[in-house]
Amino acid sequence: MPSVCFYFQVHQPYRMRHYPIFDIGESPNYFDDKANREICEKVASKCYRPTNALMLELVKRYPGAFKISYSISGVALEQFAEYTPDVLESFQALAATGQVEFITETYYHSLAALFNAGEFREQILKHQETVKHYFGKKPTTFRNTELIYSNGIADMVEDLGFKTMLTEGVDRVLGWRSPNFVYEPWNGRGMKLLLKNYKLSDDIAFRFSQRSWKDWPLTTEKFADWVHAVDGGGDTINLFMDYETFGEHQWADTGIFEFMRALPEAIWRHPSFNFATPSEVATMYPPVAKVDIPEAVSWADEGRDLSAWLGNPMQDASIAWVYKFERQIKDSGDAHLLHQWRKLQTSDHFYYMCTKYWSDGDVHKYFSAYDSPHDSYVIMSNILTDLEIRLKKTPKKVPLFVVPTEFKKEKTPVKKAVPVKKKVLS
Amino acid sequence: MLGWEIPPFNSGGLGTACLGLTEGLSDQGVDIRFVVPKVFGKLPFNHMKVLSAADYSSASQLKSLLEREDIQQEFITHQLAYGGHISVNEKKELLIEHLNHQLPVAPHIQATWYAQQAAAIAEQTEHFEVIHAHDWFTYYGGMAARDVARRKGHNVPFIAHVHATEIDRSGEHGDPAIIAIERTGLHAADHVVAVSHYTKELLHRRYGIPRSKISVVHNGIPSHKQPQVFDIQELKRHHKIVLFMGRMTMQKGPDYFVKLAKAVTDEDPNVRFIMVGSGDMEKKCIEESAKQGLTGKMLFSSFLRGSSVDRAYQLADLFVMPSVSEPFGIVALEAMQNGTPVLVSNQSGVAEVSNNIMKVDFWDIEAMKGSVLSALYDPNFHAAMKQGGYDDLQTLTWDHAATKMKAVYEHVLRSMKPLELQPAYA
């Protein structure tokens with residue numbers, strides 16, 4: 001009885017503002033509040049509001065049957081709370097139905113897993129707390145930024161007690177194997193691994209409105225047929241995609257909302273299919289094998305590798321510089337500074353610096369807040385130079401103990417402080 | 001006076017020089033009509049009348065330009081890139097469009113069009129004693145206006161003023177069409193003015209202009225305008241700062257500045273380099289800096305205007321102009337005016353005018369490094385350069401340049417022979 005498992009990624013970075021050289025040492029405002037508010041508001045009206053309304057409609061129409069899951073980055077949640085609180089409330093309404101799972105990721109949508117294990121853990125715990133705060137349940141499923149995954153990352157995640165983890169079903173890793181089963185990490189101790197069916201996921205996320213595609217237009221019947229074809233050859237069809245697919249990447253006039261509205265019943269036309277959340281899939285089906293992924297993979301670009309964020313000298317030098325500040329930032333004991341520094345870790349900043357010029361480059365350009373990859377590099381250099389000066393001027397305080405998120409006004413009761421973990425990877 | 005641009009609608013030093021020189025000449029009682037291809041908006045000065053050449057377009061002139069049976073026809077068709085089969089009227093419209101918006105057109109076409117406009121303007125101007133043309137674009141115009149004057153019976157001299165040649169801008173890869181216009185114009189001119197002895201020698205050696213025909217009038221700075229003084233930026237309290245300011249093109253040697261930054265910071269990592277400007281080498285310089293490990297040591301800013309320029313000079317402890325071939329280099333004087341010591345390449349005209357400027361060959365990175373470090377770390381030397389620079393600037397003003405220029409006018413006018421009487425029957 002195969003399951004269709006939807007996971008939607010919701011993320012908005014804090015975009016850096018055009019920070020001129022004359023602000024270095026003078027202005028601690030690194031982010032473009034105006035643009036961030038505008039973009040948040042724009043995407044809310046094109047995507048989050050209508051899509052959440054649709055999902056709530058479906059969840060209520062099919063009680064106990066239609067199920068989906070979300071991962072909302074901490075920086076996106078913060079911006080919703082500040083700029084579009086109604087969006088946050090509509091996610092909470094979805095959570096209240098019990099048919100929607102909320103997943104944990106790194107709070108700052110960062111690449112910390114690749115650079116700093118201590119940071120990685122702290123950001124995960126911070127996000128876990130935040131999700132519990134807003135949606136009432138402590139997540140046991142984890143997805144890393146951009147589905148970046150390796151054996152080592154899985155180890156760290158399992159150490160934190162997660163039961164399920166998501167990643168990309170990369171061909172070069174799977175070989176002849178199918179992504180439509182539950183797997184285990186190579187050194188797993190019981191944690192389950194769900195792999196994205198990138199073919200079917202990308203049919204919706206990327207190809208839905210592509211007129212040059214031979215299968216355009218994509219109808220629910222056609223798509224349901226493809227899903228049904230898995231029957232007997234798999235346990236789960238993992239459809240993982242950016243939530244902004246709905247209304248933002250695929251505009252409303254492409255029919256994406258109608259497609260989604262009709263999809264549940266089309267899937268159920270085959271009696272053995274159901275919908276399930278990632279943690280349900282992980283308990284319903286036994287793992288079939290362990291997969292060995294020594295080199296990090298991701299869900300981005302053709303290569304499904306790290307080359308969207310790392311690899312050119314601008315990206316590598318910038319990110320290395322960001323992480324170099326760790327000790328000083330933490331020694332400063334300044335929570336605001338820590339938060340700012342972590343917002344600079346968001347993967348999007350490095351994505352904007354990508355200079356790959358094939359078709360992926362176009363996608364990067366579409367998603368960039370800047371005119372060129374060089375702009376974001378130049379801006380980040382200016383900001384980090386300022387940060388360097390601020391740190392020189394900041395007196396050292398007692399080592400910082402990271403306290404789970406405190407939100408403006410509505411403070412969460414702090415349970416216990418989690419001490420800073422020693423760096424194990426660098 | 002025939003020009004190409006005038007501030008604030010300028011892209012480089014030529015406009016700045018024309019403004020300074022005309023202000024000086026006007027103070028000395030010279031009445032100026034200044035022609036530019038097109039006036040784009042209201043101009044913030046009234047020491048001279050600015051004429052827009054585009055306003056003098058007549059349909060018949062453009063038609064005749066397009067009907068000329070020479071290589072220019074091919075240029076038009078080819079350069080406008082609309083195929084070879086368009087009617088004269090279509091060509092005319094395209095050409096007007098291009099010329100009016102200063103879009104690239106074949107050099108001959110631009111210069112010929114400008115010459116026709118200049119002739120029309122000369123025709124309508126009651127009385128003028130000198131035709132003063134700035135750089136290649138206007139040389140045909142100078143010749144055409146002189147022809148008009150001669151037809152009216154006045155032997156008015158055409159003075160070609162060389163601010164830069166195509167050889168400065170592009171080295172051995174210059175556009176042969178522009179070089180040809182320069183050669184024709186300079187040989188046809190009654191007299192040539194060069195902005196430096198460096199340029200005078202280049203004109204003699206590369207264009208075959210006799211030295212006796214060339215006067216040198218160095219550029220200057222406005223004596224009445226003192227830069228706004230800015231507070232010391234925090235950045236400067238933490239780092240020694242070396243500045244590059246100019247177009248990032250081959251001529252200005254930005255790549256040598258990157259090499260210099262590498263050499264200096266290898267020895268003293270606390271020095272910060274800043275590059276201000278835009279141009280076709282901008283991205284290359286940014287990428288090269290990242291590649292050389294200069295992230296955090298080299299900062300960038302796009303083209304600055306107005307008081308921000310002074311602010312950048314004041315931010316710096318040293319200004320470096322590593323030009324490969326620089327006829328003058330007013331920026332060096334501007335830096336001195338802001339109290340910032342200057343290092344220029346030996347291949348720069350400005351090197352001739354002050355003994356309080358450090359001079360090194362642009363390719364000699366080792367020597368440049370040594371000069372930079374001593375300028376940064378020898379306070380006595382730094383102070384002496386700064387004071388010496390101020391002193392030298394007393395005589396490096398546009399007033400001085402204008403006095404010299406007026407003397408050149410007088411010399412040329414004295415040497416002009418009256419036109420030979422034409423037989424009445426001719």
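The values are calculated or read from the model by the stated rules, or taken from the named source; none is laboratory data. Owing to the predicted nature of the structure, the values given are computational and were not obtained by experimental measurement. For neighbour counting, all protein chains shown are included, and Cβ atoms are generated from backbone atoms with ideal geometry for every residue, glycine included. For accessibility, only protein heavy atoms count, side chains too; no ligands or nucleic acids. Shrake-Rupley method; radii C 1.70, N 1.55, O 1.52, S 1.80 Å.
State whether one or more residues within segment B:357-369 are at pLDDT 95 or above, open to solvent by 40 Å² or more (accessible area, probe 1.4 Å), of a type outside the set (A, V, I, L, M) and over 26 Å from the mean Cα position of the chain (by Cα).
yes
Keeping to segment A:158-175, report how many residues are among the aliphatic types (A, V, I, L, M) and surrounded by 24 or more Cβ atoms within 10 Å (Cβ to Cβ).
Result for segment A:158-175: 2.
Can you name every one of the helices (runs of 4 or more DSSP H) wholly within segment A:40-142 that holds 2 or more residues which are under 16 Å from the mean Cα position of the chain (by Cα)?
So the answer is A:74-83, A:112-115, A:117-135.
Give segment B:291-316 a look and list any residue that's open to solvent by 20 Å² or more (accessible area, probe 1.4 Å) and in contact (Cβ under 8 Å) with a residue 60 or more places away in the chain, or say none.
Listed by number, the residues that qualify are B:R305, B:S307, B:V309, B:D310, B:R311, B:Q314.
Could you please find all residues in segment A:21-46 being within 14 Å of chain B (Cβ to nearest Cβ) and surrounded by fewer than 17 Cβ atoms within 10 Å (Cβ to Cβ)?
Within segment A:21-46, A:E26, A:S27, A:P28 meet the criteria.
Please report, ordered by residue number, the helices (runs of 4 or more DSSP H) entirely within segment A:274-342 with at least 2 residues that are within 14 Å of chain B (Cβ to nearest Cβ) and closer than 29 Å to A:F31 by Cβ.
A:313-324
Working only within segment A:86-102, note down all residues that are under 14 Å from A:C47 (Cβ atoms) and either open to solvent by 20 Å² or more (accessible area, probe 1.4 Å) or not assigned by TED's automatic domain parsing to the domain that holds A:G64 (or both).
Residues satisfying the conditions are A:D86, A:S90.
Restricting to segment B:305-324, name every residue that is facing chain A (nearest Cβ under 9 Å) and either in a loop (DSSP other than H, G, I, E, B) or touching a strand residue (DSSP E or B) at 6+ places or on another chain (Cβ under 7 Å) (or both).
Correct list: B:A312, B:L315.
Hey, does segment A:207-228 have a residue that's in the same structural domain as A:A53 (by TED's automatic domain parsing), at pLDDT 95 or above and under 19 Å from A:L166 (Cβ atoms)?
The answer is yes, given that some residue of segment A:207-228 is in the same structural domain as A:A53 (by TED's automatic domain parsing), at pLDDT 95 or above and under 19 Å from A:L166 (Cβ atoms).
Name the one entry in A:K126, A:K137, A:K132 that is surrounded by fewer than 20 Cβ atoms within 10 Å (Cβ to Cβ) and touching a helix residue (DSSP H, G or I) at 6+ places or on another chain (Cβ under 8 Å).
A:K137
Please enumerate the residues belonging to segment A:89-111 that are in contact (Cβ under 8 Å) with a residue 40 or more places away in the chain and β-branched (V, I, T).
Scanning segment A:89-111 gives A:T97, A:V100, A:I103, A:T104.
Find the helices (runs of 4 or more DSSP H) located wholly in segment B:67-169 whose residues include 3 or more that are modelled with pLDDT under 85, and list them.
The helices (runs of 4 or more DSSP H) meeting that bar are B:71-80, B:88-100, B:107-124.
Any residue that is open to solvent by 10 Å² or more (accessible area, probe 1.4 Å), under 26 Å from B:T16 (Cα atoms), of a type in the set (G, A, S) and within 14 Å of chain A (Cβ to nearest Cβ) - is there at least one of those in segment B:216-235?
no
Quick one: which helices (runs of 4 or more DSSP H) sit completely within segment A:344-426 and have at least 2 residues that are modelled with pLDDT of 95 or more and open to solvent by less than 20 Å² (accessible area, probe 1.4 Å)?
Details: elements: A:348-351, A:359-367, A:373-393.
Of the helices (runs of 4 or more DSSP H) lying wholly inside segment A:344-426, those with at least 2 residues that are modelled with pLDDT of 95 or more and open to solvent by less than 20 Å² (accessible area, probe 1.4 Å) span A:348-351, A:373-393.
Do any residues in segment A:364-385 that are within 12 Å of chain B (Cβ to nearest Cβ) have Cβ atoms under 6 Å from those of residues that are open to solvent by 10 Å² or more (accessible area, probe 1.4 Å) and part of a helix (DSSP H, G or I), where the two are at least six apart or on different chains, and which pairs are they?
A:H374/B:K283; A:L384/A:W321
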